[in-house]
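The values are calculated or read from the model by the stated rules, or taken from the named source; none is laboratory data. A quick note: this is a predicted structure, and the numbers were derived from the prediction, not measured. Glycine gets a Cβ as well: all are built from the backbone with ideal geometry, and neighbour counts include every protein chain shown.
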């Protein structure tokens, strides 16, 4: 058994890994502000209940929760494509580039090492504090930014739907480290989820402000087919005390409108730029 296989076997949240090769590293992106997408992995060990990626990739959510596919040759393919493909690269558009298996495979880090060699613009989005490991490379890339997703200050609440992602306390600490190092950093405050996101969203914005971050992108929960039922089933199992509040607000436009308005108001008070995510 390899060190990686032992690591995966011991990790209760791991979905296992399948090594594969890719023919292309960079693909066109339709996300605002991004020209190209780079995803070293397919599927994600964080396995968040509300993940939108299966719908984008046209894979059933149950299948998406299977083994992570690691594109083991992607750094070499990227090295060939970087000189001829220009624009802002979104690192982690349909999977988290710093999911658990990255600790061992280091595909994301190896991709960043290639970006250091060529003038590159890259925007990283993650739920993991592992990104702090790569501050040395991010500072050497001509135009790099990092976004970290935070939608609650409560480690307990976050664990309901994001049981395999690092808790918010670690993500907030990572934000502080990134800002202090000089890496351009923002927060993706989303999705706002009834019963999970702090009832007083001002508390959440204040916590983000203490990290030094000065830009927040905010987004509501966008339900896809079958998503609400899965979320309710998880709540019933892990946090039944939150189920009633979730059911009451999850389909309410007023809930999301009021929450986003409150985020914007507190951002103005804190001098933080606030914008819609999509």
Problem - Matching residues, the stretch 209-243, being more than 21 Å from the chain's Cα centre (by Cα), touching a residue at least 12 places away in the same chain (Cβ under 8 Å) and over 29 Å from residue 58 (Cα atoms) - result: 239, 242
Handout entry: Within the stretch 221-245, tally of residues that are closer than 24 Å to residue 277 by Cα and surrounded by 19 or more Cβ atoms within 10 Å (Cβ to Cβ)
Key = 3
Handout entry: Filter result (at pLDDT 90 or above, touching a strand residue (DSSP E or B) at 6+ places or on another chain (Cβ under 8 Å) and more than 24 Å from residue 194 (Cα to Cα)) within the stretch 46-73
Key = 68, 69, 70, 71, 72
Handout entry: Residue in the stretch 3-16 that is modelled with pLDDT of 90 or more and crowded, with 17+ Cβ neighbours inside 10 Å present
Key = no
Problem - Criterion: under 30 Å from residue 223 (Cβ atoms) and touching a helix residue (DSSP H, G or I) at 6+ places or on another chain (Cβ under 7 Å) - qualifying residue of 173, 165, 158 - result: 158
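Okay, residues lined up against (1) closer than 20 Å to residue 92 by Cα; (2) in contact (Cβ under 8 Å) with a residue 24 or more places away in the chain; (3) surrounded by 19 or more Cβ atoms within 10 Å (Cβ to Cβ); (4) touching a strand residue (DSSP E or B) at 6+ places or on another chain (Cβ under 8 Å):
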site: 140; (1), (2), (3), (4): yes, yes, no, no
site: 152; (1), (2), (3), (4): no, yes, yes, no
site: 157; (1), (2), (3), (4): no, yes, yes, no
site: 161; (1), (2), (3), (4): yes, yes, yes, no
Exercise for the section: Mind listing whichever residues of the stretch 182-207 are in contact with a strand residue (DSSP E or B) (Cβ under 6 Å, 6 or more places away or on another chain) and under 22 Å from residue 252 (Cα atoms)? Expected result: 188, 189, 190, 191, 192
Problem - Those residues of the stretch 223-245 which are in contact with a helix residue (DSSP H, G or I) (Cβ under 8 Å, 6 or more places away or on another chain) and farther than 30 Å from residue 30 by Cβ, in sequence order - result: 232, 235, 236, 238, 239, 242, 243
Problem - Failed item in (1) touching a helix residue (DSSP H, G or I) at 6+ places or on another chain (Cβ under 8 Å); (2) under 19 Å from residue 48 (Cα atoms); (3) surrounded by fewer than 18 Cβ atoms within 10 Å (Cβ to Cβ), with residue 196 passing the rest - result: (3)
